[in-house]
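Notes for the one structure printed next.
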Amino acid sequence: MKAIHFYNPFLFLLFFCLCTSCTQKELETNDSIRLNQVGFYPSEEKLAVVVAEEAAYKKFSVRNLKTNQTVFKGVASPPRSSSFSPKKTAVLSFSEIETPGRYQIEIPSIGKSEPFDIKGRLLQDMALAGLKAFYYQRTAIPIEEPYAGKWNRPAGHPDDNVMIHPSAASPGRPAGSFISSPKGWYDAGDYNKYVVNSGFTVGVLLSLFEDYPAYVMQMNTQIPESANTTPDLLDEIYWNLAWMLTMQDPADGGVYHKLTTPGFEGFITPADCRKQRYVIAKTATAALDFAASMAQASRIFTAVEADYPGLSDKMLEASRRAFDWAVKNPDALYKQEEMNKRFKPAITTGAYGDRSADDEFFWAATELYITTGENIYLNLAEKYAPKHFTLPVWSNVSGMGCLSMVRYGQSLNEKGKILADKMKARLLVYADSAAKNAELSPYAAAYGREAKDFFWGCNSDAASNQGMVFLVAWLLTNDTKYLTNAIRNMDYILGRNATGYCYITGYGYKSPMHPHHRLSASDGIEEPIPGFLTGGPNPGKQDRCEYPSDIPDECYIDVEPSYASNEIAINWQSLFTYFAIALDASLTAN
Ligand code: 9MR
Ligand code: 9MR
């Protein structure tokens, strides 16, 4: 009797279960396991990073949450570190899992990750939201419920009564007189409109159309123009082009630098804004960014004459005149402080100032050359050509010219081809050297290895921008190393990073809720308007907010006043949108 009890297999099993449940507690979710919160494409690389020194060399596994089966076992990498952070990380690789589904990483004694998805067309929805974000930035039009859902709002800033600031006065338009300058997008978290940044943004979005026409043509962002025959991307861009055209003085072809209130508005709705707006000083940088984007738009809008009759010719003419003005006024640079000593009212909004217009000359000359084929522009492009490729940003647009030359290289004349080949070689030198960083960087992305990667707007101007350039390199060479590195930068932006944020509003399990964005802040809706990329970690901390850390890649705070780390902006959004759409297009074609 006694013996039977002892050998009873059921009791034995019970005993075993009790013991193991003592030692193997249910793992808790550990937010130091960082991964792309939007998920992974089935046949691409899949990495996660654990921010914990003890994670190095540790065994981990991946569970399919539907079948509850462990589908993969692996070992974490040796520890990684950087020169700017005391934190150590370890990389988990599970690219072998290719079956779409919902999964979770488990690391004994450390914890489990948040659930994540593996699926095709992964970025499609977010890429569409990235483009839709521009619609929400539109000025001078009611943002209506059928297009905007709960983020609808009445129109604001009609800008049909804009005053000529003394800095912008000309014989035909004296200080204090009025012009009409409606439409366009709000620049960023603020409500002003700046030609330099607008031209750059339009250029990036037009490049997206030139590089991925088939993908872009099937995109429906549900905007008021969606029913016409023009792709939504071009309709959206037109909203801003229409405004930019009004910023050119018909008398001399010069272009006003910006349209702004003297100081920033409060965090109120557009419809509540009452302050007088002004156009400020004509500058060479505004004229050239205007000339470049108008020339580029001109060659693209020939395809949509039915919806936009005469626009293409009008833009080319405007572009030539702006360029000529800049040739005559190359030193007309925007210097806000000096200007404020001479003119009233003082202007304290975004400066978009510059010390040289050489890179703007290069970009404008290349676009005019590509559109017209005229050697006079090619000669100037050669004169201003950069010695190295640099990522295109509003303050240095030479990269924009390089990208266009490379894009059109094969259709140019002999002289043009030579310049395009040089630009291509320089772009690939950049991409090769950037790609090397991923093997060593703490979050296994090409972006984020050095302290200098973190600055005002770095999520876009560095991380997304580099992703975009990797995809251009991939188009040029078909070398998958570039595609993989583009994916790695996207993984970084979407969660595999030092703060654990997925930096796109409305996406991921931890994303910005309080961007420095007057539209989101004033609409009475808890969730910010979706699809926006926020600026990112910035040790400059110019906003003097209480950041949680001094470590460069952790200098980010999701609070409304943090304009230095948590603002949104159209130029940043354009690079991110290009990146997301190009990546989804690349991975969908395969
Ligand atoms: O809201 C402004 C933001 O768009 C700018 O990027 C930033 C820097 O120019 O300035 C923000 O405005 C702040 C101003 O500079 C200082 N007072 C508080 C304003 C709102 O946070
Ligand atoms: O994007 C701009 C960034 O490169 C600069 O470092 C920063 C400070 O000058 O200004 C950023 O641009 C802001 C602009 O001046 C006003 N609107 C908001 C923009 C984004 O913060």
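Here are a few things to note about the model shown:
- Pairwise centroid distance, computed over Cα atoms, of the range 341-365 with the range 488-550, Å: 28
- Extension gain, Lys59 back to Asp31 (0.36 nm per residue minus Cα-Cα distance, nm): 8.3 nm
- The lysines within cross-link reach of Lys59, meaning a Cα-to-Cα straight distance under 16 Å and a gap of 8 or more places when in the same chain, are Lys73, Lys112.
- Nearest-0.05 FRET efficiency for Ala214 and Ser109, computed from C-beta distance (R0 51 Å): 0.55
- For the listed residue pairs Lys87/Lys452; Lys88/Lys436; Lys46/Lys66; Lys258/Lys417, the alpha carbons are over 26 angstrom apart in Lys258/Lys417.
- Accessible carbon and sulfur surface of the chain relative to its total accessible area, %, 1.4 Å: 55
- Total formal charge among the other residues, if their Cβ is under 9 angstrom from that of Ala56, Lys/Arg +1 and Asp/Glu -1: +1
- Net +/- balance of residues flanking Ala486 in space, Cβ distance below 12 Å, scoring K and R +1, D and E -1: -3
- Long pairs among Lys275/Lys335; Lys275/Lys314; Lys132/Lys424; Lys282/Lys424, criterion Cα-Cα beyond 29 Å: Lys275/Lys314; Lys132/Lys424; Lys282/Lys424
- Glu382 - accessible surface, heavy atoms, 1.4 Å probe, Å² rounded to 10: 80
- Spacing of the two label points (7 Å from each Cα toward its C-beta) at Lys387 and Val327, in nm: 2.7
- Taking the DSSP bridge list for the range 28-118 and keeping only pairs wholly inside it, about 90 percent are antiparallel.
- For the range 452-476 versus the range 205-228, the inter-centroid distance based on Cα atoms is 22 Å.
- Among the trypsin sites (Lys or Arg not before Pro) within the range 475-535, not one is in coil by DSSP while having at most 11 neighbouring Cβ atoms inside 10 Å.
- The range 377-436 and the range 238-273 have Cα centres separated by 31 Å.
- Furthest towards positive pole of dipole, His516, Asn489, Ala569, structure part the range 442-590, Cβ charges: Asn489
- Total charge dipole magnitude, the range 156-245, about the Cα centre, Cβ charges on Lys, Arg, Asp, Glu only, Debye to nearest 20: 360
- Contour minus Cα-Cα distance for Glu546 and Glu96 (0.36 nm per residue): 157.8 nm
- The protection proxy used here, the mean number of other Cβ atoms lying within 10 Å of each residue, ranks peptides 168-180, 79-91 as follows, highest first: 79-91, 168-180.
- Efficiency of FRET between Ile376 and Glu338 - r from beta-carbon atoms, R0 25 angstrom, step 0.05: 0.15
- Beta bridges per DSSP with both ends in the chain, % antiparallel, nearest 5: 90
- Coil-residue trypsin sites (Lys or Arg not before Pro) of the range 120-192, DSSP, other Cβ within 10 Å capped at 16: Arg121
- Between Glu527 and Val429, the contour length at 0.36 nm per residue exceeds the alpha carbon distance by 31.1 nm.
- Placing dummy labels 7 Å off each Cα toward the beta-carbon, the span from Lys66 to Met163 is 6.3 nm.
- With the charge dipole of the chain set up from +1 on Lys and Arg Cβ and -1 on Asp and Glu Cβ about the Cα centre, the Cα lying farthest toward the positive end among the listed residues Pro552, Ser109, Ala365 is that of Ser109.
The values are calculated or read from the model by the stated rules, or taken from the named source; none is laboratory data. Everything numeric in this text was worked out from a predicted model, so none of it was measured. No Cβ is skipped: glycine too gets one built from the backbone with ideal geometry, and neighbour counts run over all protein chains shown. Note: accessible area is taken over every heavy atom of the protein model, side chains too, but ligands, DNA and RNA are not part of it. Shrake-Rupley method; radii C 1.70, N 1.55, O 1.52, S 1.80 Å.
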